[in-house]
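Undergrad: The structure that follows is given in the form of structure tokens.
Any read-out appearing in this document is the output of simple, stated calculations on the displayed coordinates, not a laboratory observation. If you're wondering where the values come from, they're calculated on a predicted model, not measured in any experiment. Heads up, the Cβs are rebuilt from the backbone with ideal geometry, glycines too, and the neighbour counts pull from every protein chain shown.
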Amino acid sequence: MAGFFGFFDYTKPGPGVPEDLPPKSKFIVFFEVLARKFWKLCWLNILYFLVSLPILAILYFMIGSYLLPIIESVTKGVQSAKDVQTLQSFLMTALSLLLLSGFMVFGIGPTTAGFTYIVRNFAREEHAWVTSDFFEHLRKNIKEGFISFIVDILVIFVFSVSIRFYSYQSIKYPSVGIIKYFLIFTFLVYLMMHIYIYPMMVTYNLKVRHIYKNAFIFTILKLPHTIGMFLLMIGVWVIPFLLLFVTKFLLVLLLYPLIWVSILGLMQNFYTNYVFGIYLNPQKQEEQTENKSDDKHEDN
């Protein structure tokens with residue numbers, strides 16, 4: 001006799017999961033995946049940061065050339081030379097980590113492709129080997145990743161020079177300000193396109209020009225949703241930076257190389273998986289729905 005008069009019989013099948021339960025919201029699933037994959041996301045974040053160090057070093061010196069004059073102007077009122085140096089190094093460290101983590105989220109070449117493949121799979125609740133799949137998809141997308149990175153650097157340079165030029169010109173000629181605001185809006189649209197660029201790169205076999213074309217179409221087509229996602233990512237992105245000024249604890253910035261970029265990547269790919277599922281994979285979704293309904297009919 002199994003168990004004791006039918007009790008405590010662990011070989012007996014349980015009731016299972018009811019079929020009629022409504023699907024969980026993406027919000028709940030996101031936090032479930034984050035909790036389940038937390039340590040893997042930490043390792044992915046660290047791996048991504050370490051492998052990207054050469055690119056991050058180049059970006060650091062490029063960022064520094066823009067940040068240093070701003071930081072020097074901010075610290076002009078400080079009297080003590082020692083305090084000035086301390087404050088400048090503090091601001092340089094904080095702002096550099098903030099901006100470099102932003103580059104890591106929106107794309108820094110082939111390493112972002114490897115990173116995006118892992119978080120995309122986690123967002124789909126599919127398996128991925130963090131280390132081996134990271135390097136495999138870094139290699140697979142090395143050409144597209146480098147082209148995208150070079151395009152990004154050129155676009156950022158052109159827009160930064162153009163916006164600064166028209167900002168100075170608008171002081172003398174206020175009507176020129178229209179061009180400045182148009183350039184700012186165009187640059188923001190280009191930044192928002194990056195929500196789609198790398199997830200598309202690792203999911204579909206497309207040429208770079210088609211990736212950018214589709215990313216632009218998605219950005220315009222889903223503009224309210226894209227703006228909302230962009231603002232949400234910006235809000236989460238700056239949390240460690242804001243915590244620094246609340247707690248005065250510099251080590252909170254270690255969240256960026258340890259976990260924060262992975263959290264942002266997971267958020268991004270939860271959103272892009274949903275969008276691609278509607279517009280690029282409708283047949284797959286219909287097949288899954290049909291299979292589920294067929295299974296239910298067979299059970300009945």
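Undergrad: Would you give the gap between the C-alpha center of region 129-172 and the C-alpha center of region 91-120, rounded to a whole Å?
TA: The distance from the Cα centre of region 129-172 to that of region 91-120 comes to 11 Å.
Undergrad: Fewest first, what order do Trp237, Trp260 take by the number of other Cβ atoms within 10 Å?
TA: Trp237, Trp260
Undergrad: Determine the gain in length on full extension of the stretch Val176-Lys24; use 0.36 nm per residue of separation and subtract their C-alpha separation, reporting nm with one decimal. If you can, show how the numbers build up before the last one.
TA: Numbers: separation 152, 0.36 × 152 = 54.72 nm, distance 5.07 nm.
Roughly 49.7 nm would be gained on extension.
Undergrad: Given the pairs Lys172/Lys222; Lys37/Lys140; Lys180/Lys222; Lys37/Lys213, which are separated by over 29 angstrom at their Cα positions?
TA: Lys172/Lys222; Lys37/Lys213
Undergrad: Fewest first, what order do Lys172, Lys213 take by the number of other Cβ atoms within 10 Å?
TA: On the way: Lys172 7, Lys213 13.
Lowest to highest Cβ neighbour count: Lys172, Lys213.
Undergrad: Could you work out the local net charge near Asn205, counting Lys and Arg as +1, Asp and Glu as -1, over the other residues with Cβ closer than 12 Å to its Cβ?
TA: +1
Undergrad: What is the fewest-to-most order of His127, His225, His137, His210 by other Cβ atoms lying within 10 Å of their Cβ?
TA: Details: His127 8, His225 15, His137 23, His210 12.
By the 10 Å Cβ count, ascending: His127, His210, His225, His137.
Undergrad: Counting Lys +1, Arg +1, Asp -1, Glu -1, what net charge surrounds Gly145 among other residues with beta carbon under 11 Å of its beta carbon?
TA: Working: positive: Arg139, Lys140, Lys143; negative: Glu144, Asp152.
That sum, taken over residues with Cβ under 11 Å, equals +1.
Undergrad: Oh, and also: Please report the net charge: other residues with Cβ closer than 9 Å to the Cβ of Gly114, K and R +1, D and E -1.
TA: Neighbourhood net charge equals 0.
Undergrad: Whole-Hz Karplus ³J(HN,Hα) for region 183-192, in order, using 6.51 cos²θ - 1.76 cosθ + 1.60 and θ = phi - 60°, x for Gly and Pro?
TA: 5, 4, 4, 4, 5, 5, 4, 4, 4, 5
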